[in-house]
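**Student:** Can you read through this structure? Questions will come right after.
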Amino acid sequence: MARSFILWLHGRGDSGPANEPIKNLFTSPEFRNTVWSFPSAPPNPVTFYNGAISPSWFDIHEVPITADSPKDEISLVKAVENVHKMIDKEIAAGTNPNNIFVCGFSQGGALTLASVLLYPKTLGGGAVISGWVPFNPSLIDQISPDAKRTPILWLHGMDDERVLFKAGLAGPPLLENAGISCEFKPYPGLTHTIISEEFEYLESWIKTRLQCSS
C-alpha cells in the first residue's frame, strides 16, 4: 500500500493526545503505511460558556446545536486554514492527496466538513462523526470542482443531545444539492459519543478508498 495520512480532529474541550488510541483500532494491513496526526485545538474563549477559555477549534454560540444554530465563520475560516497547512505539509512529504483522510468528532467533525470542502484538491475523504454544518449555505459557492469530488461519510447518533440528530440530518441534502457525494449513516439510540461499530464502519470505508487510490 502507498503511504496514507489520517488527520483526526477532536471535539471541543478534548485534546489530540487523548484521542491517539484510536489508531490502534484500525488493525487492517492496509493501514501499515498510514501516518496519523492528532492535533490539539488551541485555547479559545467560547461564547456558549460565557467566554470561558477552552480547547476549541472555533467559537460555539449555543448548545445543543441545531440546524439553525448561529455560525461563526470568521473563527471557522482561521481553523480551516490551519488544517489546510497540515494537509499541505503531508502532500509535500510525498503523500498522494487521494490517500489523505480527515476525520472528526463533534466540533472536529464540523471542522472536518469545512476543511475538506474548502481544500482546493480532491482528497481521499472526509468523515463527519456527530458533527454539523458550521457554515452558511453561501459558502457552498466557494467549493472548487475538485473539492466536490471528495467523498463525505457522516455518522450520527439519533439520540444525540449535544449536536441534535436533525442538525446532522440537514447536512447531506445541502451537500448533495451542490453535487457532493455524502453517505449518511444513523445510529438508533446513540447519544453524543462514538461506539465501536462506528469505528469499524469508518475503517472499512477508508480501506475501500485506499485500495482504489493506491
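The values are calculated or read from the model by the stated rules, or taken from the named source; none is laboratory data. Note that this is a predicted model, so its numbers are computed, not measured. As a convention, Cβ positions derive from the backbone with ideal geometry for all residues, glycine included, and neighbour counts pool all protein chains shown. Ligands, DNA and RNA are stripped out before the accessible areas are found, and what is left, the full protein with its side chains, is counted by its heavy atoms. Shrake-Rupley method; radii C 1.70, N 1.55, O 1.52, S 1.80 Å.
**Student:** Considering the chain as a Gaussian network with a 10 Å cut-off on Cα pairs, which listed residue, Gly157, Gly124, Gly16, attains the greatest mean-square fluctuation?
**Tutor:** Looking only at Gly157, Gly124, Gly16, the biggest GNM fluctuation is shown by Gly16.
**Student:** Leaving out ligands, DNA and RNA, what percent of the accessible area of the chain is carbon and sulfur, probe 1.4 Å? If you can, show how the numbers build up before the last one.
**Tutor:** Numbers: 4880 of 9330 Å².
Ligands and nucleic acids excluded, carbon and sulfur reach 52 percent.
**Student:** Moving on. Can you spot the lysines whose alpha carbon is less than 16 Å from Lys23's alpha carbon? Ignore those fewer than 8 places along the same chain.
**Tutor:** Lys207
**Student:** So which lysines can Lys148 reach, going by Cα to Cα under 16 Å and dropping same-chain residues fewer than 8 places off?
**Tutor:** Within the straight-line limit of under 16 Å, Lys148 reaches these lysines: Lys121.
**Student:** For a quick check, take a GNM of the chain with Cα springs below 10 Å and name the residue from Asn96, Asn19, Asn33 with the largest mean-square fluctuation.
**Tutor:** Asn33
**Student:** Quick one: accessible surface of Trp205, probe radius 1.4 Å, all protein chains present, in square angstrom to the nearest 10.
**Tutor:** Approximately 10 Å² for this residue.
**Student:** What accessible area per residue comes out for the range 1-138, rounded to a whole number of Å², with a 1.4 Å probe? Don't skip to the end; give the middle numbers.
**Tutor:** Working: 5620 Å² over 138 residues.
It amounts to 41 Å² per residue over the range 1-138.
**Student:** Given (i) 17.1, 55; (ii) 18.8, 66; (iii) 15.9, 48, which label gives Rg and Dmax of the Cα atoms in Å as computed from the coordinates?
**Tutor:** It is the one labelled (iii).
**Student:** Please report the relative contact order for the chain, taking Cα pairs under 8 Å with a sequence separation of at least 6, and give it as a percent rounded to a whole number. Write down the numbers at each step before the final one.
**Tutor:** Details: 464 pairs, mean separation 42.4, N = 214.
Reported relative contact order: 20 percent.
**Student:** Next question. For the range 128-198, what size does the Cα cloud have along each of its three principal axes, sorted from largest down, in whole Å?
**Tutor:** That works out to 36, 22, 14 Å along the principal axes.
**Student:** Once the other residues with Cβ under 15 Å from the Cβ of Ile87 are scored (Lys, Arg +1; Asp, Glu -1), what is the net sum? All intermediate terms of the calculation are to be shown ahead of the outcome.
**Tutor:** Working: positive: Arg3, Lys85, Lys89, Lys121; negative: Glu81, Asp88, Glu90, Asp146.
With Lys, Arg at +1 and Asp, Glu at -1, the neighbours total 0.
**Student:** State the antiparallel share, in %, of DSSP beta bridges confined to the range 1-119, rounding to the nearest 5.
**Tutor:** Working: 4 of 13 bridges.
Taking every DSSP beta bridge within the range 1-119, about 30 percent pair in antiparallel fashion.
**Student:** Where does each of Arg149, Arg3, Arg209, Arg32 land when they are ordered by accessible area, with a 1.4 Å probe and the largest first? List each step's numbers first, then the result.
**Tutor:** Numbers: Arg149 145, Arg3 95, Arg209 70, Arg32 190 Å².
Largest accessible area first, the residues go Arg32, Arg149, Arg3, Arg209.
**Student:** Which value, in Å² and to the nearest 10, is the accessible area of Val35 when all protein chains are kept and the probe is 1.4 Å?
**Tutor:** Accessible area of Val35: about 50 Å².
**Student:** State which helices in the chain qualify, where a helix is a whole DSSP H run, it must extend 27 Å or more along its own axis by its Cα atoms, and its mean Kyte-Doolittle hydropathy must be at least 0.0. Mind dumping the intermediate values first?
**Tutor:** Numbers: long enough: 73-92 (28 Å, 0.11).
Membrane-span-like by this criterion, though nothing is claimed about a membrane: 73-92.
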